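The structure appears right after this line, and notes come after that.
The values are calculated or read from the model by the stated rules, or taken from the named source; none is laboratory data. As the structure is a computational prediction, the values presented were derived from the model and not from experiment. In this analysis, Cβ positions are derived from the backbone assuming ideal geometry, glycine residues included, and neighbour counts consider all displayed protein chains.
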Amino acid sequence: VEEDENREVQPGLSKEVIGELIREKYREFRLCYPPAQEASPAPEGVLTVRFVISADGSVASAETVRSTLDHEEMETCVCERILRWRFPEPEGGISVAVTHPFVFYVPGKDAAGPRKPAKRRHKKRKR
């Protein structure tokens, strides 16, 4: 997993604050890779996710905006992980929308060619 600095952030939280938390949480995405016996080779590509940070800092929604991973379960897992994240409360008590591309690759291997983008929506489940 590699961070891409091409994130879009609405006012309320700085790109730096959001980027710092994303860097801290990146390791969680390792749990989203399918077991080696299920996917060979491992999914590679760019997963662009749009998520909304609520006024209390929780993530209210996360959706796949574009993906070249061609692996719906992995995309869903990434969005579900993001829904568990907690950010500082945005200034002014507003919600903040963030669009962020996450780059997944297997180290030491050339990146795969482009794949057809997919769009999927994920909502926080009520408990």
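Just a few scattered comments:
- Residue among Arg81, Arg27 that is at pLDDT below 95 and outside any loop (DSSP other than H, G, I, E, B): Arg27
- Residues of segment 69-78 satisfying the condition of being surrounded by 21 or more Cβ atoms within 10 Å (Cβ to Cβ) and more than 13 Å from Arg30 (Cα to Cα): Leu69, His71
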